[in-house]
Amino acid sequence: MKTFYVTTPIYYANSLPHLGHLYTMIVADAIARQKRQQGIETFFLTGTDEHGINIERAAKRNHRTPQEQSDYVVSYFKQMTAAFGLDTAHGGYDIFMRTTETFHYEGVSELWRRVARAKTPKGRDALYKGHYEGWFCAACAAYKTEDEYVKPASPDEPPTCLVHETKLDRISEESYFFRLSDYDEALLGLYEVRPDFVQPDARRNEVRSFVRGGLQDLSVSRLKSSVSWGVPVPDDPNHTMYVWFDALTNYITAIGFGNERQERAIGFEKFWPALHIVGKDILRFHAVYWPAFLMAAGVEQPRAIVAHGMWLDRTGRKMSKTLGNTIELDVLSRHFSVDAIRYFCLREMVFGQDGRFGYEHLIDRTNSDLASGLGNLSSRTLTMIQRYCEGRVPSGNISEEGRLLAKRAGVDTDEASISGFVAHARDEFIRYFSNFGFSRALEEAWGIVARVDKMISDAKPWDLAKDPALRQTLNAVLYRAAETLRWLSVMLYPVMPNATREIHSQLGLTEDLSKIDPATLTWGGLPDGTQIGDVKGLFPRMDKTKTMDEIKGSSPTVREGSGEHAADAVPGADATVSEARPSGRAPLATDADALPVKNETGDGLIEITDFARIDLRVGEVRSAERIPKADKLLLLTVDIGEEKPRQILAGIAQYYAPEQLVGRKIVVVANLKPRKLRGHESQGMLLAASVGEEGKPVIATFAEDVPNGARLK
Ligand code: MSP
């Protein structure tokens, strides 16, 4: 049996996923579903990249161990993938890969050993020990050359990363180097012999000119004393592996390279090589470093590396947590159906190019293409079958006499023109889709919707129904519309698994859409006499003004089941929300590299009315005590000028003794939903600055005397 293996990048476990991450998963998921429809045994990987200084720092800021940090983010990822129907239970990924798995340590150590034994194409050792001196961006997990950073105004300041706009770290230490500079010709040869290796073409050209420009050897380890959270270098425990060496290798360790466990369960030989779907931001790692590592280790190259563009905010900046301009997933999922989001992502972003995201646009597409387009075609067709044919799919056959009568009534009964049109568009759809032209593929499908809509409007079944002599004509029109819907449901299943299943079952069909190859569809496959199911609307029309108001008024909230905020609860720039978490950890507010300003329209700014939704009050700490078995939590009672003092739990016990706090005037978020933490209700939270790398909380207070309950605005 043919096999196919598709991967997304594995996401950093330092912060919560946003639209950009979701997009890569949707693309890979749609590809995997199409392959499965074709009867190909498909393996789909996604997961998290859990090592390195970035995760170590995020963990410190959140008062977690790196493992706890990763576990926390992974549990959110899993909730999110389930909510968006991307997990195994919904026919999505087959493995959620984590680089902290023991089997991964085994596999990546094996790859390292192989590289360490290898000679380069120029006959030198592929790996050697040297000294690294230069700048490193923790957020990119990459060393930066001069053209990749902004020089500081003063020589005492570090440069700033061009991508993340964050300060770089100076590194000067012993390091293992991979002799990348010896692989230029081999890589150029690979791109030459396999023109599809890097796609689309524009990206291939970029990669080629990067390699032609000359490659520098790559530092592939850090001293354990600088970065301890990583895979130890085999036989040299003073070093940990460079996080990209470790992360890229996940693609092969996940399926069994260098470890028995996964080999038995999945099979490296069976599934490798993979198709890697990546953002263009990480193309170099995948299209240059990864192939070179594999060449050194003597492992077959990936099937292809396909790079998509970036979702940008309205000002044209890449959407990222670090820049604080992301579209949050729980806001998206609260207002839009999964299928509408999937459709929009694949239709709107011309694959490979960047796209700007706007909620208005998503609403417009939902209304025009889904509610008025596909949804309307489906409901009008099925409603007419219900009304005129007693709920059974009529026969599409039309006799010579029927044809004459139809002609006289001015109705086109040439079945071949419809079936030919649909079949041609189906072929084009498959062709575009298989070449990652999702947007063009969907245009083809919507060409079918328009064509059949026109057929119905021209034939006017409601008039035909009035004349018994035109019964066959009416039946033929409705049959063709219903048969087209069947085709569309099969074709569009990888894009909209839920709505297409709904259409299929409303047509009265019971086959599993995930197993029907659209290429095998033949016209007339819908049996006449089929009893159709209940007719339900697929895509309710959205009220744009109302939805936009709701979106503007909403912020990411508590995820069901986690008991924690999905993302940062409160917009702000300097103050950090120092709210206690069920685990006693610091809030997720500090998970990102910078505290993001929530903005639902994507330009990074909020309205004054957004800020006004937060009720900030002056409070006086009346009492403070530790909570048994929760070494990070303090239980405070705080007078905020109400009849009864508020009980507030704060994750500050490691930094403040209870007695330091009594009598202190603090700032309290007074309109936060109460929550139970360790059996105690927390009725608000206090604000604190997050200081230094470890995010030490420093409680916000007042230099002058202020009355309890005074509002901050
Ligand atoms: N951990 C590395 C990848 C290691 S793969 C062996 C990493 N992680 S990431 O979380 O920062 O981002 C991973 C991917 O998320 C990006 O390559 C891209 O596919 C996707 N996106 C993140 N932001 C995005 C946008 N604004 N737009 C589209 N996709 C984006 O890099």
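The values are calculated or read from the model by the stated rules, or taken from the named source; none is laboratory data. All values reported here derive from a predicted model rather than from experimental measurement. Methodologically, a virtual Cβ is constructed for each residue, glycine included, from the backbone with ideal geometry; neighbour enumeration extends over all protein chains shown. Note: areas computed on protein heavy atoms with side chains; ligands, DNA, RNA excluded. Shrake-Rupley method; radii C 1.70, N 1.55, O 1.52, S 1.80 Å.
Structure notes:
- The fraction of all Cα pairs in segment 121-203 landing in successive 5 Å bins from 0 to the largest distance is 3, 13, 15, 14, 15, 18, 13, 7, 2, 0, given as whole percents.
- For the chain, the mean residue ellipticity at 222 nm estimated from helices alone is -11000 deg cm²/dmol, where every DSSP H run of n ≥ 4 contributes -39500 (n - 2.57) and the total is divided by all residues, rounded to the nearest 500.
- Summing charges over neighbours of Phe197, with a neighbour being any other residue whose Cβ is under 15 Å away from its Cβ, gives +1 when K and R count +1 and D and E count -1.
- Relative protection proxy for 173-179, 244-250, from highest mean packing down: 244-250, 173-179 (other beta-carbon atoms within 10 angstrom).
- Accessible surface of the chain [probe 1.4 Å, protein heavy atoms]: carbon and sulfur percent: 49
- Value in Å of the Kirkwood radius, where segment 240-393 supplies the Cα pairs that are averaged: 19.4
- Cα centroid of segment 1-53 to Cα centroid of segment 428-506, whole Å: 30
- Probe 1.4 Å - accessible area at Tyr432, Å² to nearest ten: 50
- The chain - share of DSSP beta bridges that are antiparallel (%, nearest 5): 70
- Applying a DSSP loop filter and a limit of 14 other Cβ atoms within 10 Å to the GluC sites (Glu not before Pro) in segment 254-333 leaves Glu300.
- For segment 126-261, with +1 on Lys and Arg beta carbons and -1 on Asp and Glu, the positive-most of Leu190, Thr249, Phe136 along the dipole: Thr249
- Alpha-carbon Rg/Rh ratio, for segment 285-376, with Rh computed the Kirkwood way: 1.13
- Mean accessible surface per residue for the chain, computed with a 1.4 Å probe while every protein chain stays in place, in Å²: 40
- Total lysine pairs in segment 356-520 at Cα distances under 30 Å, for residues eight or more apart or on different chains: 4.
- Rounded to 10°, Cα long-axis angle of helix 184-193 versus longest principal axis of the chain: 10
- Against the rule of thumb 2.2 N^0.38 Å, how large the Cα Rg of the chain comes out: 1.10
- Enclosing the Cα atoms of segment 614-712 in their convex hull gives a volume equal to 104 cubic angstrom per residue.
- Restraint check, Lys119/Lys224; Lys546/Lys673; Lys78/Lys321, Cα-Cα greater than 22 Å: Lys119/Lys224; Lys546/Lys673
- The Rg/Rh ratio for segment 356-520 is 0.99, where Rg is the radius of gyration of the alpha carbons and Rh is the Kirkwood radius.
- Size descriptor, Kirkwood hydrodynamic radius, that averages inverse alpha-carbon separations across segment 410-495, Å: 13.6
- Counted over segment 467-535 with a bin width of 5 Å, the fraction of Cα pairs per bin, in whole percents, is 3, 16, 27, 24, 15, 7, 4, 2, 1.
- Both radii are taken from the alpha-carbon atoms of segment 27-102; with Rh as the Kirkwood radius, Rg/Rh is 1.09.
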